[in-house]
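The values are calculated or read from the model by the stated rules, or taken from the named source; none is laboratory data. Note that this is a predicted model, so its numbers are computed, not measured. Neighbour counts are summed over all protein chains in view; Cβ atoms, including those assigned to glycine, are modelled from backbone coordinates with ideal geometry.
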Amino acid sequence: MIASPMTPPPAPQPPAEGAAPHTPVMLDRVVELLADAPDGVYVDGTLGAAGHAVAVLAARADRHGGATLVGLDRDPDALDLARERLSGVGPEVTTHLVRTRFDAMDEVLDDLGIGEVAAVFLDLGISSMHVDRAERGFSYRQDGPLDMRMDTDLPTSAADLVNDLDARELSRILRRYGDEKFADRIARAVVSARPFTRTTELAEVVRDAIPAAARRTGGHPATRTFQALRIAVNAEIEALEQVLPVAIDRLAVGGVFAVLSYHSLEDRAVKRAFAEAATGCICPPNFPVCACGRSPQVEHVIRRPERPDADEAAANPRATAARLRAVRRLES
């Protein structure tokens, strides 16, 4: 069955003409990791169009004789596409699709009466269905409203940030979420040129604020600014830091948690959370016996992040920056 506590949203708009369909990143490796988890509930916290979920469910159903998915996504268009794709997965598969951000995982599982889960997956990349649709406002290459909200019910858009924040706060966002070394210059230029309503207007001002020599290397000059605004609008890092320990706590013994990240800020948060959960006794080495009573919750399945191979990176350039980490829950 397919269950959802939300009223079905309006039908999604088709992708932009000529847009490439979303291609799941490192699909075979993700399926291998999650199919190997024990029988039980599989949580996909970034369901999207269900590209990973369909393949993982097929593998888990084949291995265990059935499979259960809890799929989370805050984008109603993505959930519609996922619902359509998952409608043909077969009677041995049960799916629960919920419109919410992944940091609500605890609440969703409690509402569904689910305690432990066998597998959790997060793909933190931005979907093609966002980038390739100009009206969603994520792309600096296509003219569209300056929006960037993954959940269109969010109160604050990218236009609100660039039009309302002062230069100091804008600079902080660009530096923290985009590693933008010209953050101060860009922020001052944005404040001087606003208001903005369109993506290409902002991209042009950002480009002109960056020194000419720097514009000739490193891709489009507005890449880091748009990334930073998107992360800030959607509170992506805050949500990630909140969900990581929750997902680890929910894992059953032997359960697997895998995360695909795409830039250093995300990867650092995942690395830190996994390392902390894999750490045992933290008593000083001169203590004769352990006084902290701490034991590791997980073991690393992938300690050093795995990357797409050359063939996948060539076929799907958006996969190039992907970094995959995974842990397995220990008995404690």
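Filter region 183-222 down to the residues that are farther than 19 Å from residue 163 by Cα and of a type outside the set (Gly, Ala, Ser) and list them by number.
210, 211, 215, 216, 217, 220, 221
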task = Pick out, from region 1-106, the helices (runs of 4 or more DSSP H) lying fully within it that include 3 or more residues that are within 21 Å of the chain's Cα centre (by Cα), buried (at least 17 other Cβ atoms within 10 Å of the Cβ) and at pLDDT below 95.
result = 76-86
request  = Please go through region 150-188 and pick out each residue that is surrounded by 19 or more Cβ atoms within 10 Å (Cβ to Cβ) and over 18 Å from residue 201 (Cβ atoms).
outcome  = 150, 171, 173, 177, 178, 180, 182, 183
inquiry  = Taking the criterion of being on the phi < 0 side of the Ramachandran plot, in a helix (DSSP H, G or I) and surrounded by 20 or more Cβ atoms within 10 Å (Cβ to Cβ), would at least one residue in region 303-315 satisfy it?
reply    = no
note = Given the conditions (1) crowded, with 23+ Cβ neighbours inside 10 Å; (2) under 27 Å from residue 149 (Cα atoms); (3) touching a helix residue (DSSP H, G or I) at 6+ places or on another chain (Cβ under 9 Å); (4) in contact (Cβ under 8 Å) with a residue 40 or more places away in the chain, every one holds for residue 119 apart from (2)
Residue in region 167-179 that is farther than 23 Å from residue 268 by Cβ, modelled with pLDDT of 95 or more and not aromatic (Phe, Trp, Tyr) present = yes
note = Note on region 224-276: residues outside any helix (DSSP H, G or I) and not hydrophobic (A, V, I, L, M, F, W, C) are 254, 255, 261, 262, 263
remark   = Per the filter on region 291-330, residues more than 18 Å from residue 265 (Cα to Cα) and among the acidic types (Asp, Glu) are 299, 309, 311, 312
